[in-house]
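Structure record follows, encoded as structure tokens.
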Amino acid sequence: YPLPDGSIIFNFNYMGSARVDRCGRTMWTLPRMTHHSVTRAADGTFLIPGARYVEGGSRFPTLHPPYTEDTILKVTQDGKVVSETSLLDIFYGSNYQGLLFMRRGTGDLTHINDIEELTPELASRFPMFAAGDLMLSLRMGSIVLVVDPATLRLKWQQAGPWLGQHDPDVLPNGNILL
């Protein structure tokens, strides 16, 4: 993610995130299992897909380790994690855990490719969404969903007919481009 000062924030696939200045000097590192896109939220923080590898006992009775638990990291401009939200908590808390079993067997249950915060203008195109809601693209199950980050309630989801989409965007006319 390029910033106005010439610095850039990027992910090393599952090896962490970093911000480097315009001369390539490291400003900060985030030694977490981060991956895919980095997007900026309205409050200036960054939304970064994260992951935890679960080998031992699972908090979820229907999931048997080993598996990867995707998370949504909210990171400040100086590289501090201010929140981490489990995608599994969202699925189970919204009673959508059945979606996790659409593509079983790999241990990679969801695989977040993209997180986008809905702006007031874009959210106004959908009566069921609000500004600040998060649209996520999940490779596993080919799912696009919208979550209220305050309540962790899954508001909407659609699986397919597409396969393995990466970057959904809300268009000005209210359509979602994959």
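When the residues of the range 27-38 are filtered to those that are open to solvent by 20 Å² or more (accessible area, probe 1.4 Å) and of a type in the set (S, T, N, Q), the one that is nearest to the chain's Cα centre (by Cα) is Ser37.
Here is a yes/no grid of residues against (1) open to solvent by 80 Å² or more (accessible area, probe 1.4 Å); (2) of a type in the set (Val, Ile, Thr):
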| position | (1), (2) |
| --- | --- |
| Leu3 | no, no |
| Asn11 | no, no |
| Ala18 | no, no |
| Arg25 | yes, no |
| Leu47 | no, no |
| Val54 | no, yes |
| Ser58 | no, no |
| Thr62 | no, yes |
| Glu69 | no, no |
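Looking at (1) open to solvent by 60 Å² or more (accessible area, probe 1.4 Å); (2) touching a helix residue (DSSP H, G or I) at 6+ places or on another chain (Cβ under 9 Å), find the lone condition where Asn175 falls short. Condition not satisfied by Asn175: (2).
Taking residues in the range 1-19 that are under 21 Å from Ile72 (Cβ atoms), and partners anywhere that are assigned to a loop (DSSP other than H, G, I, E, B) and charged (D, E, K, R), the pairs with Cβ atoms closer than 6 Å and at least 6 places apart or on different chains are Gly16/Arg32.
The values are calculated or read from the model by the stated rules, or taken from the named source; none is laboratory data. For clarity, every value in this text was computed on a predicted model and none was experimentally measured. FYI the Cβ positions are ideal-geometry reconstructions off the backbone, even for glycines, and counts take in every protein chain you see. Surface accessibility is based on the protein's heavy atoms, side chains included, excluding ligands, DNA and RNA. Shrake-Rupley method; radii C 1.70, N 1.55, O 1.52, S 1.80 Å.
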